[in-house]
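The values are calculated or read from the model by the stated rules, or taken from the named source; none is laboratory data. This structure is a prediction, so every number in the text was calculated from the model and none was measured. Protein only, heavy atoms only, side chains kept; ligands, DNA and RNA dropped before computing areas. Shrake-Rupley method; radii C 1.70, N 1.55, O 1.52, S 1.80 Å.
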Amino acid sequence: MWCGANLCTLAAVELGQREAAFHGTVAAWFPRGCRACTALLTYPQLLEHSTTCEQCADEAALCPDARDLRRVLREARR
């Protein structure tokens, strides 16, 4: 997703299903990234999210966005 690396099944990190409007139709797409870029870019995003999210301030384990970011980060570091 961020670089030109060839992403085979073992080298790719699934970033989760997204939905976007393409030509007036909502379609699902499934972005992937290489492990190096995903780890490098996900960690700062998790830190920023956790400092601005009210749910994370109350109980981070209940925040679906933080949970997804932590999952992606774990996968990238395998």
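Per residue, what accessible area does the chain have, given a 1.4 Å probe and all protein chains present, in Å²?
Numbers: 5630 Å² over 78 residues.
Heavy-atom SASA per residue in the chain reads 72 Å².
Quick one: 3J(HN,Hα) in Hz for segment 21-32, Karplus 6.51/-1.76/1.60 with θ = phi - 60°, rounded, Gly and Pro as x.
8, 10, 6, x, 10, 7, 10, 8, 9, 10, x, 9
Over the chain, how many percent of alpha carbon pairs lie in each 5 Å bin up to the one with the longest distance?
Taking every Cα pair in the chain, the percentages come to 3, 15, 21, 20, 18, 14, 7, 2.
Determine how large the accessible area of C37 is when every protein chain is in place; take a 1.4 Å probe and give Å² rounded to the nearest 10.
Accessible surface of C37 is approximately 30 Å².
Can you give the helix-only mean residue ellipticity at 222 nm for the chain, where every DSSP H stretch with n ≥ 4 adds -39500 (n - 2.57) and the sum goes over all residues, rounded to the nearest 500 deg cm²/dmol?
Values: 3 runs with 37 residues, N = 78.
So the calculated ellipticity at 222 nm is -15000 deg cm²/dmol.
Using 0.36 nm per residue, how much length does the chain from N6 to T25 gain when fully extended, once their Cα-Cα distance is taken away?
Working: separation 19, 0.36 × 19 = 6.84 nm, distance 2.87 nm.
Gain on stretching N6 to T25: 4.0 nm.
Considering only protein heavy atoms, what is the solvent-accessible area of R35 at a probe of 1.4 Å, reported in Å² to the nearest 10?
My reading of the accessible area for R35 is about 70 Å².
Under the 0.36 nm per residue contour assumption, what length would be gained going from the current alpha-carbon distance of R71 and L41 to full extension?
Numbers: separation 30, 0.36 × 30 = 10.80 nm, distance 1.35 nm.
That works out to 9.4 nm of additional length.
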